[in-house]
Each structure stands twice: as structure tokens, then as C-alpha cells.
2 protein chains.
Amino acid sequence: MTAPDPAVLRERVGAALAAFLAERSDELAAISPDLAPVGQAIRDFVLNGGKRLRPAFAYWGWRGAGGRPEDDARVVTAVAALELVHAGALIHDDVMDSSATRRGEAAVHELFAELHRTQGLTGSPSGYGRATAILLGDLALVWADEMLARSTVPPEAVQRARNAYDAMRTEVMAGQYLDVLAQAQPAVSAERALHVARFKSAKYTVERPLHVGGLLHGCSDALLARYSAYGIPVGEAFQLRDDLLGVYGDPSLTGKPAGDDLREGKKTVLVALALEHGDSSDVDLIASMLGDPLLDADSVERLRAAIDRSGARARVETLIARRLEQGVAALGTGDVEPAAAQVLTDLATQATARHA
Amino acid sequence: MTAPDPAVLRERVGAALAAFLAERSDELAAISPDLAPVGQAIRDFVLNGGKRLRPAFAYWGWRGAGGRPEDDARVVTAVAALELVHAGALIHDDVMDSSATRRGEAAVHELFAELHRTQGLTGSPSGYGRATAILLGDLALVWADEMLARSTVPPEAVQRARNAYDAMRTEVMAGQYLDVLAQAQPAVSAERALHVARFKSAKYTVERPLHVGGLLHGCSDALLARYSAYGIPVGEAFQLRDDLLGVYGDPSLTGKPAGDDLREGKKTVLVALALEHGDSSDVDLIASMLGDPLLDADSVERLRAAIDRSGARARVETLIARRLEQGVAALGTGDVEPAAAQVLTDLATQATARHA
């Protein structure tokens, strides 16, 4: 058989989201015309970007459990709900970090701060932006739920899938909390940074979506364990690649200014390894510059070089390669339906590649 | 029959919440011991306060549709979930308003800012408090959902009730947005202020919880209409009483400093009526003082007197009395089971009384 085109699934997920969000916008408009910017901003945020990774893993989790492509219409709507959870998490994350941009566009709280200015409202534009973005994130979170529950997947299948869906939501919030805590602590070990990455990324992006898909179809505990054995290492590898891109990535590909993670002072596995293994002058240099929001291009370059010299960059590449190998190997036991196993292998390889 | 004791239902709702939140705290502890303050803060917030109004209306909505007290154990758990929606909304509301206190205690974001200070963390305590409170509010919201879905009420009953539950969540967020917008606008008419109150209070606190309860049992559209005819005016009367208490209430009863609503510049129906009907010198006085966070006791007293002189206070009392009468009259048609109708009459009367 020919390999399925991932763009087709992305488009189908996008279409399901567009249809659902159009209904929600109508619901808001019926309450008040003043809510038009709310519906519009959530639609723009969800429909104009995003790799739809979580719906993809959930979809292939369903296929891997034996779901047949000819029966997949309802499942596409159910798994698309994961993209709304993610939208809510990102909108709130940007408020929490005071990030000005997301995917190269103004963050939602910045959009509403700007609306405050152009409409001549009173009070603080940034306070207004923050308050409204909290509400928009809340709406995306509760709508996710509504989309999952209202998908025409049979209620007992949704009920089964909720075990993974609920765990996923608690885990991502918990992982985010641990991340916020780590950012406020003077030093974080690589082990600790990896633990945060496991919850806020690996389980949230890969393992739990696969479980949601498997449970939507109905599957054995053995398959769930298989999905964990694939999903956790592969998801960690994703995050480790993301950490490398945040420091060494090409801004035209990442959509974020070069060195942004360094200016934000993110306590990633990469940075923790550099601090654990660098020589004392490099460690001093990293400790003194990391988290300085005003780092210029030259300082960013010096930081990058110091991290490189410590061997941390090479160590992270090794961690990625090992996790990718381990995760993909877990698929080769026959529990996962072969076409799905192939797609999951490709997804893992692409998303952890150097130029993702 | 003897009238049921509302304290008994409050305790049963509290016990259901305590059991559910103990499990969630264990789930967090299994992820990391660092999450202990998260579980603790949500438990303290939910278990140490709150009138449990929304669960009470949902419970009596179920009884009013014919639910029998001897079958109510599972329903108590399902309706208790509404208290978690409310906890999430309040935790976020306090971040949005930068309110320092809630129910006489430190707001969640203040608690975590304090934790930041006592644990010697780096960065901004208030930024840390805000970020973590956003996550705690998110957790409360998603846990609400989980509690409703996992109550042992049959899945088809939950699915029916979701129609009202989902509408309730969208409406309260929409109402909150309209309120934030109104606070940032130079002037708001009484009509507009009442529209905001309808969504953020009346439908959210009374009408939709009654619908959730009715639908958990299964009920006719006629009963849902009856609940709306009671719930919207009574819920508006609640909010109008709250507006009066925010200006004229005894701080020892309201748990908020005297005049706090005036310092915050809340654009309530009361204030809108004062601006619409006051004489020009009082209107100038109100417009110049309202929203000044540094108002002293003397200025608060002058503002109160000006609002009183405008006739707004008396007008709001009239609006409350008329809505209470209208709402209670809607119960007297035989659709609502008589014992429930009696309790709903009592609830409406108590919660709109002058010294609530």
C-alpha cells in the first residue's frame, strides 16, 4: 500500500475544528455581538497554525488498535478535540511567560491588548490582554471537552478514552507547574529537567494521545503498554530536539527569534547538562548570561559556543538517537497494526530529525 | 413533611468533593512530591468555603423533575462537579482582577507569590503567583469535567445534562468577557449591566444548574422552560443583591472590605442607575471617585450617599423584589415537584434578603 499523506489528515482535522468552532462562534454571537473578537481570535489561533501532532498520534493510536480507514470520520472529530486542549494550554502558557509572539504571530494576550488600544478603552491594555486571554484559554479548554463528548463516537468509547484524556490533562498542567517551579529555582539537574519534559511533553504529546486513540477503538492493556514504550521515549526525543532548536535552530524554521530560549533562561536538559559537565569558566559564563532578556546576538553566540564546548549538545543528540531507537523498536512486536506502526515510525523520525 | 436542612446537602456535597480531590492529590503526588502545594491549595480553596449554591440548584433541579431522595447518592457527586467549575472561574477571576483576597483569605495567586518568597525562589513572586494560579484554575476546570463524567450516574444521563453544562460554561466565560469589556468602557447603561449579570450570574448560578439537574433525571422541555422562568429573574435578583452588598454591605458579613466594589470601579446596575438618574453634581462626584483604588472611608461614605440620593439604591431594591416575585410565581404551576418548589422558593427568598 502507499503511505498515507499526513497533510490529508491535517486537513481533515482542520475541517472538523473549523466546523465545530463556527458553531461555537455562532453561540457567542447569539449572546452578544461584542463577543465577535473572541470567536474570531480562537478560530484564527486554532485554524492558522499548529502541526496537529496530538490528533495525529491519537488517530494512529486508533488505527494501530485496528480502526479501519473507512470508519474513521467520527474518530477524526473526536481526536481533533486534542488540538483545542493544546490551544488552551498555549494561550495560557503565553500569558504565564508574557511571551509576545506565538508561531510568528502576536500572542492572544497581545492581540487583545492591541484591541484595547485601538478601541480607546480605559485602564491598562496589558491587564486587559491578560484577563481576556485567560478567558479565551478557558473557553478553548472547555470546548475541547465539548467537542470530544459530542463527537458521534459512541458514548461508551468516549467514556473509555476519557481515562487517558483526563490523565493527559492533569499531567500537562502538572508538568507545566513543575516547569514554572524549575524556572524559579537556582539550579535544576538534567534528571529533573527530563522528568518535567516527560510530563509536559512526552506523555502529553505522544503517549496519552495514542492511548486516547487506542481506547476510542477499544484495545488491550498490552497495546497501551506498547504505546507507552514507544510514546515516552519518542516524546522525550521531541522535546530534546525542541530544546536544541531553541538554542541552535534557524529562526526562519522555528518561528522564534534566535536565542529566545537563552534569553528566557529555560532550564532545559541541554542547559542542565552544560552546567553539569562544562569547565568552570564556561559554567560561570552560562550562569551569568542565561535568562538575561537583553542578550545581544554576540552574547547569544558566546553562550551557544560554551554549551557546545561542554559537550551538552552532543550528549543531547545521543539521548535523542537512543530514545528514537528505543521507541521505534517498541513498535516491532506485532501488537500495533503494521500500517500504523509504519506511520508512527515515520512520525518519530521526522519530528526528531535535525531540521524538523 | 419537614423541610430538608440545607446544611445537610452542603455537607454531602463537601464530602463528595473531599473524596474526589483526595484522589486527584494522590495522582499529583505520584507525579512529583513538588506538586503537594497544588493539591493542597485546591482542596483548601474548595473545601474551606463556598455556599455550594450551584450544586444546590442542580440537586433541586433533579428533585423537581421527580428524583427521589433515596436514589440521590450518585446525583450528589455529579452536581458537586459544578463547585469545581466555580472554583476554576474564581481562581482565574482573582488573577484577572489582581484581587488580593477571596472569602477573607489570601487569593490563590497571592498564596503562591508568598510561597515563592518563603522558599527563596528566583524571579518575580507576583509573576510566579499568577502563572501557578492560572494552572490551578485550569486544573479545577478540567477536574470538574472529570468528576461529572466519572460520577456513577448513567452515561446517557450525563450526556443529556451536558447540553446545559456546556452552555453554562460557555455562558459564564462569555459573561466574564463582557464584564471585563464593560469595566474598560467609559460608561455602561443599566440595561447593558443587566445583560452581563444575566450571563455571568443568573444563567450560570441558577438557570443552568437547574437544567443540569433536570436533565440528569430526564425531564420535559416544559420543565426546563419553568426552570428558566424561575432561574433567570431569581439569579438576576441575587446579583443585584450582591451589587448592593458590595456598596452598602457589612464587611463582617460579606468578607470583603467596605466599599471594595467602589474602589474597583465595578460598573454594576446600581452604579449605572445612579449615573442615569442622579443630579449633575452627584453624577460628577460618582464619575470622579469611582474606581479610585485609594478611596478612604470618608470618600466611600460620600459615594454611598450620592448613589442613595440618586434613587438607584431604591430602584435596585424594587428590581430585586419584582424579580423575586416573578421567579417564585413561575414555580406555582405544578410542573415542579412540590417539595422542590418549596425549597427553591426558600432559596430565592434567603439569597435575595437584605442581610444575606
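The values are calculated or read from the model by the stated rules, or taken from the named source; none is laboratory data. Note that the structure is predicted; figures quoted are calculated from it, not measured. Please note: Cβ atoms are built from the backbone with ideal geometry, for glycine as well, and neighbour counts cover all protein chains shown.
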> Which pairs have Cβ atoms under 9 Å, sit 6 or more apart or on different chains, and link a residue in the stretch B:11-37 that is within 12 Å of chain A (Cβ to nearest Cβ) to one that is loosely packed, with under 14 Cβ neighbours inside 10 Å and hydrophobic (A, V, I, L, M, F, W, C)?
Replying inline: B:Ser25/B:Ala36; B:Leu28/B:Ala36; B:Ala29/B:Ala36
>> Tell me yes or no: at least one residue of the stretch A:113-132 is modelled with pLDDT of 95 or more and basic (Lys, Arg).
In response: yes
> Could we say that A:Ala16 is small (Gly, Ala, Ser), modelled with pLDDT of 95 or more, assigned to a helix (DSSP H, G or I) and touching a helix residue (DSSP H, G or I) at 6+ places or on another chain (Cβ under 9 Å) here?
Replying inline: yes
>> Going by what's in this entry, would A:Arg208 be described as crowded, with 24+ Cβ neighbours inside 10 Å, under 28 Å from A:Gln350 (Cα atoms) and at the interface with chain B (Cβ under 7 Å from one of its Cβ atoms)?
In response: no
> Which of (1) under 15 Å from B:Ala330 (Cα atoms); (2) surrounded by fewer than 24 Cβ atoms within 10 Å (Cβ to Cβ); (3) under 17 Å from the mean Cα position of the chain (by Cα) is the odd one out, the single condition B:Asp242 does not satisfy?
Replying inline: (1)
>> Quick check on my filter: what residues within the stretch A:211-227 are surrounded by fewer than 18 Cβ atoms within 10 Å (Cβ to Cβ) and more than 13 Å from A:Arg160 (Cα to Cα)?
In response: A:Ala222, A:Ala225
> Does the stretch A:119-145 hold any residues that are farther than 20 Å from B:Asp94 by Cα and touching a Ser or Thr at 6+ places or on another chain (Cβ under 8 Å), and which are they?
Replying inline: A:Trp143
>> Is it the case, given these coordinates, that A:Val108 is hydrophobic (A, V, I, L, M, F, W, C) and at pLDDT 95 or above?
In response: yes
>> Looking at the stretch B:288-313, I want the residues that are without any contact (Cβ under 8 Å) to a residue 60 or more places away in the chain and have a partner that is outside any helix (DSSP H, G or I) with Cβ atoms under 6 Å, at least 6 apart or on another chain. Which pairs are those?
In response: B:Leu290/B:Gly265; B:Gly291/B:Gly265; B:Val300/B:Gly259; B:Ser310/B:Gly278
> Checking B:Ala305 against (1) part of a helix (DSSP H, G or I); (2) under 17 Å from B:Phe238 (Cβ atoms); (3) not hydroxyl-bearing (Ser, Thr, Tyr), which single condition isn't satisfied?
Replying inline: (2)
> Only one residue in A:Ala237, A:Ala225 is of a type in the set (A, V, I, L, M, F, W, C), in a helix (DSSP H, G or I) and closer than 23 Å to A:Lys267 by Cα, so which one is that?
Replying inline: A:Ala237
> Taking helices (runs of 4 or more DSSP H) that do not extend beyond the stretch A:71-188, which have at least 1 residues that are at the interface with chain B (Cβ under 7 Å from one of its Cβ atoms) and crowded, with 24+ Cβ neighbours inside 10 Å?
Replying inline: A:73-97, A:125-150, A:155-183
> Across the stretch B:262-287, what is the number of residues that are touching a residue at least 40 places away in the same chain (Cβ under 8 Å) and of a type in the set (Lys, Arg)?
Replying inline: 2
>> Can you pull out every residue in the stretch A:277-304 that is on the phi < 0 side of the Ramachandran plot, within 28 Å of the chain's Cα centre (by Cα) and surrounded by 13 or more Cβ atoms within 10 Å (Cβ to Cβ)?
In response: A:Ile286, A:Ala287, A:Met289, A:Leu290, A:Asp292, A:Leu295, A:Val300, A:Glu301, A:Leu303, A:Arg304
> A:Pro33 is checked against (1) within 13 Å of the chain's Cα centre (by Cα); (2) more than 19 Å from A:Ala113 (Cβ to Cβ) and fails just one. What number does that condition carry?
Replying inline: (1)
